[in-house]
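Visitor: Please read through the structure below; I'll follow up with questions.
The values are calculated or read from the model by the stated rules, or taken from the named source; none is laboratory data. The structure displayed is predicted, hence computed values, not measured ones. No Cβ is skipped: glycine too gets one built from the backbone with ideal geometry, and neighbour counts run over all protein chains shown. The area values use the complete protein model at the heavy-atom level, side chains included, leaving out ligands, DNA and RNA. Shrake-Rupley method; radii C 1.70, N 1.55, O 1.52, S 1.80 Å.
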Amino acid sequence: MEKQHHGKLVAGLIDDQPVEVTQPVKIQDLTFRDGHQSLFATRGRTEDFIPIAEDIDKVGFYSMEVWGGATFDTMHRFLGEDPWERIRTLKKYIKNTPFSMLLRGQNLVGYRNYPDDVAEAFVERACANGMDIFRVFDALNDFRNFETVVKIIKKNNRHFQGAICYSLTESRMGGPVYNLQYYLRKAKELEEMGADTICIKDMAGLIAPYDAYELVRALKENVKAPIHLHSHFTSGMADMSLLKAIEAGVDIVDTCLAPWAYRTSHPAIEPLVVALRGTNRDTGFDIKLLAKCSQYMEKISPKYRHLLDDRMSIIDINVLLHQTPGGMLSNLVNQLRDMDAIDKLDEVFRQLPIVRRELGQVPLVTPTSQIVGIQTVNNVLFDNASERYKMITAQVKDLLYGLYGETPVPVDPEVQKKALKGYPRGETPITSRPADVLEPELEKAKKEVEGLAKDLDDILTYALYPTTGKRYLRWKYGLEEIPKEVKAKTIDDVKQEEELIKKAKAGLLVEKVTKEAPPKGPAVRTFNVFVDGEYFEVEVEQIGGAPVITSITPAVQPVAAPQPAPAPTAPSLVPPPPPKPAAAPAPQAPPAPKAAAPAAGEGTAVEAPMPGMIIRYEVNEGGAVSEGDVVLILEAMKMENSIMSPISGTVKKINFKDGDSVQKGDVLAIIG
């Protein structure tokens, strides 16, 4: 039977003459990075990767993505792990497969543009620690933000993969912004920068199968660098899009091992391997070896299942309806839920495209997805009929000033003017490369952690994340105890939790902690207690404080004389309490909330409008403030919000310290 041609893919039946494998598809595995970032909030631990690392190394992947993205933040903040150590440790076990990382351009692995000295040092250290391939992207597709990091990547003879963030304003590729010509133009810019490969980074699962085909076909005709497609499964289209891209001639695609695939993650490798058998693009992978690797991942997955979205559907049609990335959507839902405003979600969806358009139609990828999403939530919750953009995050101000780069279309001038009023760097936005206006920070960081940081890796951890980075270094060197919630959970821990859940579902109470009873003393008294028709005999002994009472004889209640008022009550069956001591003990203070409301006349409370972490106070107790002055910076969902004084006066009290977590409504300061 004649072989069937599907674009660049040639296929035949198993009973026919075998098809010669002329262009095997290369596969990058994302299980150790984007797989758990997408499904389990990046909580995958190094100790769980080591046992299967050598087997995964045998598969024959083009590369393995093991670092970058949110891993750096999450490892030091929530796992108590040194991010740098992960690269070094995995390199001991994975010796044949190149390591890849996701680098956010001048954002590195953070949420703002860092100065050149920090960027250069970070990439140097990533190379020295063992990174081979750098997938570099910029949230605005402004490739000026690549210049510094690419220079260091090339200097170290490492692989520079230039990524284009795939985005839409319409339901399919096209329209005035994100059309085919836009992506071809961006690809040519990357080729001119010396990109070794070019990646279409579809972080929201937006790329439709036939758009993937046309885009890959056009890229192969117009640029020489190999083309790599990265697409999340969030919308349910990624399997189809990968297959159409393979037919169009894409060189490399991204997948995960099956247990950590699908949902907001990526297509699974196993079905793709089978689908491409008998074609000229056969991967050649051993499906049994892949099955062994997946069985291991399945075994450890219960440790992370509590982090998994528990909805029945494994796809999110909101991506198709709103072009909202899955991670961005979960952030919005979590923020609204924390603020008791989940009923506002539909209004957030309505305003999201409005805010995005006013902020320059930016691609919705980290960090711009958070910038647009959280500003939209702020607008929905805090704006009123007379004023929009009442609470503008620091990152929106930076974006409108130009600190993230050039937006795909001009921003709204009125919103820009409002945001930049009183902006510390000036009220006139810049058009230069953002890092050109940033002062060096590395030497300053070295001085601030002198005596704590042991090497340049430690200093960079602090430079990228000053608040949580310093806290991690104190954990690392034993200066503070690592909190229990940061420590690793074992499979035995998971089994114990599952047993408790089973008991709870069966109607059994949670087991009480067994305490050894002390010997009974002479002051023990016995009470009969009646609750809802049930009778309990309770023994009570008072310890300390009051005189010892060895016995109580209930007095016979005299018959009360008739009273004109209400009828007499039945005599009490409970013995009277022991007499109070002569000197009343000091009253026990009720547990005061972290942030008590000010007493009448004490002052005006500055309350947290949302849950978050205090980055820093901008005022001191006793200092004078004017109405509208910034009292503190509150980080919520990784965006910084300026919390302002509602009145003019004096700072009477500051209730928290830098790095503290607060809840909505907590009193952060009192102005009198």
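Visitor: What spacing in nm lies between the two simple spin-label points modelled at ASP492 and ASN620, each 7 Å away from Cα in the Cβ direction?
Guide: 5.1
Visitor: Can you give me the distance in nm between label points at LYS502 and VAL630, each placed 7 Å from the Cα along the Cα-to-Cβ direction?
Guide: For the pair LYS502/VAL630, the computed spacing is 5.4 nm.
Visitor: Using Cα positions and a limit of under 21 Å, work out the lysines in reach of LYS186, with same-chain residues fewer than 8 apart set aside.
Guide: LYS151, LYS154, LYS201, LYS220, LYS224
Visitor: If you stretched the chain out fully between LYS155 and SER648, how much longer would it get, using 0.36 nm times the residue separation minus the C-alpha to C-alpha distance? Can you show the working numbers first?
Guide: Working: separation 493, 0.36 × 493 = 177.48 nm, distance 5.47 nm.
Gain on stretching LYS155 to SER648: 172.0 nm.
Visitor: If you don't mind, there's one more thing I want to ask. Nearest 10 degrees is fine. How inclined is helix 491-505 to the longest principal axis of the chain, computing both from alpha carbons?
Guide: Approximately 60 degrees, to the nearest ten.
Visitor: Another question, then. Can you give me the C-alpha center-to-center distance between region 318-368 and region 24-64, rounded to a whole angstrom?
Guide: Centre-to-centre distance over Cα atoms comes out at 29 Å.
Visitor: What order, most packed first, do the peptides 666-672, 46-52, 531-537 have when packing is the mean number of other Cβ atoms within 10 Å of each residue? Walk me through the numbers on the way to the answer.
Guide: Working: 666-672: 21.4, 46-52: 17.3, 531-537: 6.9.
Put in order of decreasing packing, that is 666-672, 46-52, 531-537.
Visitor: With a/c under 1.5 counting as rounded, go ahead and sort region 281-335 into rounded, prolate or oblate using the C-alpha gyration tensor (a ≥ b ≥ c being the square roots of the eigenvalues; past the cut-off, prolate if a/b is larger than b/c, else oblate). Before the final figure, lay out each step's value.
Guide: On the way: a/c = 3.52, a/b = 1.63, b/c = 2.15.
Taking the square roots of the gyration eigenvalues as a ≥ b ≥ c, region 281-335 is oblate.
Visitor: What percentage of the solvent-accessible surface of region 1-47, computed with a 1.4 Å probe over protein heavy atoms, is contributed by carbon and sulfur atoms?
Guide: On the way: 1250 of 2510 Å².
Roughly 50 percent, rounded to a whole number.
Visitor: Identify the trypsin sites (Lys or Arg not before Pro) of region 16-65 meeting these criteria: DSSP loop state and at most 10 other C-beta atoms within 10 Å of the C-beta. Could you put the intermediate results ahead of the total?
Guide: Working: sites: LYS26, ARG33, ARG43, ARG45, LYS58; in loops: ARG43, ARG45, LYS58.
Here no trypsin sites (Lys or Arg not before Pro) fit, given the DSSP loop and packing criteria.
Visitor: So, one more: Is the C-alpha gyration tensor of region 325-477 telling us rounded, prolate or oblate? Criteria: a/c under 1.5 is rounded; beyond that, a/b larger than b/c is prolate, otherwise oblate. Walk me through the numbers before you get to the answer.
Guide: On the way: a/c = 2.37, a/b = 1.47, b/c = 1.61.
Judged from the Cα gyration tensor, region 325-477 comes out oblate (a/c at least 1.5, b/c at or above a/b).
Visitor: Could you give the length gained on full extension between LYS520 and VAL274, defined as 0.36 nm per residue of separation minus the Cα-Cα distance, in nm?
Guide: Details: separation 246, 0.36 × 246 = 88.56 nm, distance 7.29 nm.
So the extension gain works out to 81.3 nm.
Visitor: Quote to one decimal, in nm, the extra length available between SER386 and LYS224 on full extension: 0.36 nm per residue of separation minus the C-alpha distance between them.
Guide: Working: separation 162, 0.36 × 162 = 58.32 nm, distance 5.41 nm.
Working it through step by step, the gained length comes to 52.9 nm.
Visitor: Excluding residues fewer than 8 places away in the same chain, name every one of the lysines whose C-alpha is closer than 25 Å to that of LYS653.
Guide: Answer for LYS653, where 25 Å is the Cα cut-off: LYS594, LYS664, listed by chain and number.
Visitor: Arrange the peptides 484-490, 118-124 so that the one whose residues have, on average, the most other Cβ atoms within 10 Å appears first. Don't skip to the answer; put the middle values down first.
Guide: Details: 484-490: 11.3, 118-124: 21.7.
By packing density, highest mean first, the sequence is 118-124, 484-490.
Visitor: DSSP loop GluC sites (Glu not before Pro) in region 158-203 with at most 14 other Cβ atoms within 10 Å of their Cβ, which ones?
Guide: Numbers: sites: GLU170, GLU189, GLU191, GLU192; in loops: GLU170.
Here the GluC sites (Glu not before Pro) that fit, given the DSSP loop and packing criteria, are GLU170.
Visitor: For the chain, just run the numbers: alpha carbon Rg, then divide by 2.2 N^0.38 Å, N being how many residues it has.
Guide: Values: Rg = 31.1 Å, N = 672, 2.2 N^0.38 = 26.1 Å.
Taking the Cα Rg and dividing by 2.2 N^0.38 Å, one obtains 1.19.
Visitor: With the cut-off at 1.5 for a/c, could you classify region 191-254 from its C-alpha gyration tensor as rounded, prolate or oblate? Don't jump to the answer; show the numbers that get you there.
Guide: On the way: a/c = 2.31, a/b = 1.61, b/c = 1.43.
Because a/c hits 1.5 or more and a/b exceeds b/c, region 191-254 counts as prolate.
Visitor: Sticking with this one: Mind checking the dipole of the chain: about its Cα centre, +1 per Lys or Arg Cβ, -1 per Asp or Glu Cβ, Debye to the nearest 20? Walk me through the numbers before you get to the answer.
Guide: Values: 80 positive and 92 negative charges, 87 e Å.
Here the size comes out at about 420 debye.
Visitor: To the nearest 20 debye, what is the magnitude of the charge dipole of region 629-672 about its Cα centre, counting +1 on the Cβ of each Lys and Arg and -1 on the Cβ of each Asp and Glu? Please list the in-between numbers first.
Guide: On the way: 5 positive and 6 negative charges, 32 e Å.
The calculated dipole for region 629-672 is roughly 160 debye.
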